[in-house]
Amino acid sequence: MTKTIAYNELRKIKDSLPDGSIHKMAKELNLTVETVRNYFGGHSYKEGQSCGVHIEAGPNGGIVLLEDTSILNMALEMIDKEKK
């Protein structure tokens, strides 16, 4: 499932994650840590891969089209659990 989100909103989600979440997501999804970081706007393609994230310049840091929302959904669940 695809989703469009503001770049700044995606970064805010990443910044709201509990400590160790990036590593946990990478392990559970069988991805490298750098690939998960790239999903949230990182640019380390030597160590990680692209994961279907397309960024277009514009207000609020631009618009991001996510081809797969698995990482985003997992991040939102982790944030929700942290709040409770």
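Remarks
- For first residues located in segment 32-46 and at negative phi and surrounded by fewer than 18 Cβ atoms within 10 Å (Cβ to Cβ), partners that are of a type in the set (Val, Ile, Thr) and at pLDDT 90 or above and lie 6+ apart or on another chain with Cβ distances below 6 Å form the pairs Val33/Ile22.
So that you can scan it fast, the table gives a plain yes or no per residue for (1) outside any helix (DSSP H, G or I); (2) out of contact with any Leu (no Cβ under 9 Å at 6 or more places or on another chain); (3) modelled with pLDDT under 90:
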residue: His23; (1), (2), (3): no, yes, no
residue: Lys27; (1), (2), (3): no, yes, no
residue: Gly42; (1), (2), (3): yes, yes, yes
residue: Ser50; (1), (2), (3): yes, yes, yes
residue: Ile55; (1), (2), (3): yes, no, yes
residue: Asn60; (1), (2), (3): no, yes, yes
residue: Ile71; (1), (2), (3): no, no, no
residue: Met78; (1), (2), (3): no, no, no
residue: Lys81; (1), (2), (3): no, yes, no
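- Subset of segment 1-21 [at pLDDT 90 or above and β-branched (Val, Ile, Thr)]: Thr4, Ile5, Ile13
The values are calculated or read from the model by the stated rules, or taken from the named source; none is laboratory data. These figures come from a predicted structure and were not determined experimentally. No Cβ is skipped: glycine too gets one built from the backbone with ideal geometry, and neighbour counts run over all protein chains shown.
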